[in-house]
Number of protein chains: 2
Amino acid sequence: MPSAEELPQCVCGALRTVTRAVTQLYDDAMRPAGLRITQYGLLSRIARLGPVSAAVLVDSLHADQTTLARALKLLEQDGLVRRAPHSDRRAKRIELTAEGGRKLAEARKLWLAAQQRMVGLIGEAEWRAMRGRLNGLLGVAAKESRAAKPRGSP
Amino acid sequence: MPSAEELPQCVCGALRTVTRAVTQLYDDAMRPAGLRITQYGLLSRIARLGPVSAAVLVDSLHADQTTLARALKLLEQDGLVRRAPHSDRRAKRIELTAEGGRKLAEARKLWLAAQQRMVGLIGEAEWRAMRGRLNGLLGVAAKESRAAKPRGSP
DNA sequence: GCCAGATGCATGTATATACATGCTTCACGC
DNA sequence: GCGTGAAGCATGTATATACATGCATCTGGC
């Protein structure tokens, strides 16, 4: 019989275990660029969405606003991202700097190599199937979150 | 057409996004016990494996040794876990305290409720299928890790 | 106009995670 | 017996993540 690694029964525990293992591989791959995979993902998203407010990124990442704020601060310190004034003066206009664009292009090669290797190992179809299931799980979890937070809790 | 949440194409990014969302639900569920889902998972694993060395837990969790060490320190401070001498005097014999056992029993009810709710939402069969795929991915990632580390890198 | 509540961010604190490094102890060849 | 390298942990540092909270600004009702 196949591997049967000792993945927890817990949905969350299983996800966390696999995520730890996979993150290590991607972080290793990105190391030559001096970026973590999380940072690369954020840069890439900013580039794709264009200059945006933090709130847009938060929605898109399903992450806490404070998590994003700290990540952005690091990228700003490294000169890869700029937080410019926004027409809504509460908000910031978040965009890549020129150096951020260059770093992203450099890092994208590393990411692509890691991604292709990973997808090659598990199989293209397998990854499509898994991503679809992950997407469904995200939808369920996001709906639960929205149900728990807005009314009643505060 | 269905949800089509904006999950990244990146294997790692997709996993991290879903893991964040799911972790929030489980952490919320565990809050009445004063435990995070990670801590519950660790307590549960120690209970199931019996008194063990840290190395056994590290293998089982696919986590770094330092990650585990810090998690154990917190549980020890809370009186839930004990690090007793081991026959191999380099190692520690890690085991639950009596209070740790009680806390685990209390927390297990909360976990079970969250788990049943989550599995109910996505469907039992769906979860089995996803867990199998996650298991396969873990196997691949773990093999890659082993291939990258032991020889060549240091 | 003006104020109450909502919205958008930032900061303080705490845990989760990993890398580099160092200390202790063990196992093994000689 | 005695090094020498390996194994098992702990600590320093850095990022990832989230909760509680606070400040500035905006929006709608009056």
| request: Tell me, yes or no, whether region A:122-131 has at least one residue that is outside any helix (DSSP H, G or I) and of a type in the set (A, V, I, L, M, F, W, C). | output: no
| message | Taking the conditions exactly as written (within 12 Å of DNA strand D (Cβ to nearest atom), open to solvent by less than 70 Å² (accessible area, probe 1.4 Å) and not β-branched (Val, Ile, Thr)), does residue A:13 satisfy them or not? | response | no
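Condition check ((1) within 23 Å of residue B:140 (Cα to Cα); (2) at pLDDT 95 or above) across all residues:
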residue	(1), (2)
A:70	no, yes
A:75	no, yes
A:79	no, yes
A:87	no, no
A:105	no, yes
A:109	yes, yes
A:112	yes, yes
A:118	yes, yes
| Identity of the residue in region B:66-101, near DNA strand D (Cβ under 8 Å from one of its atoms) and in a loop (DSSP other than H, G, I, E, B), that ends up nearest to the other protein chains (Cβ to nearest Cβ) | B:91
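Listed here are the residues, each with its yes/no results for (1) closer than 23 Å to residue A:21 by Cα; (2) more than 8 Å from DNA strand C (Cβ to nearest atom).
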residue	(1), (2)
B:30	no, yes
B:44	yes, yes
B:50	no, yes
B:54	yes, yes
B:66	yes, no
B:95	no, yes
B:102	no, yes
B:114	no, yes
| note | Residue set A:81, A:52; condition in contact with a Lys or Arg (Cβ under 8 Å, 6 or more places away or on another chain), under 23 Å from residue A:106 (Cα atoms) and surrounded by 14 or more Cβ atoms within 10 Å (Cβ to Cβ); output residue A:52
| message | All but one of (1) open to solvent by less than 20 Å² (accessible area, probe 1.4 Å); (2) more than 23 Å from residue A:24 (Cα to Cα) hold for residue A:119; state the number of the condition that does not hold. | response | (2)
| query | Does residue B:60 count as polar (S, T, N, Q), surrounded by 12 or more Cβ atoms within 10 Å (Cβ to Cβ) and at pLDDT below 95? | reply | yes
| query | Would a scan of region B:41-49 turn up a residue that is within 12 Å of DNA strand D (Cβ to nearest atom) and surrounded by 20 or more Cβ atoms within 10 Å (Cβ to Cβ)? | reply | no
| task | Mind listing whichever residues of region A:88-109 are open to solvent by 90 Å² or more (accessible area, probe 1.4 Å) and closer than 17 Å to residue A:57 by Cβ? | result | A:90, A:92, A:93
| remark: Here the residues within region B:25-45 that are away from every other protein chain (no Cβ under 13 Å) and part of a helix (DSSP H, G or I) are B:32, B:33
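The values are calculated or read from the model by the stated rules, or taken from the named source; none is laboratory data. If you're wondering where the values come from, they're calculated on a predicted model, not measured in any experiment. Note that each Cβ is placed from the backbone with ideal geometry, even for glycine, and that neighbours are counted across all protein chains shown. For the accessible areas, the whole protein counts, side chains as well, though only heavy atoms, and no ligand, DNA or RNA atoms are used. Shrake-Rupley method; radii C 1.70, N 1.55, O 1.52, S 1.80 Å.
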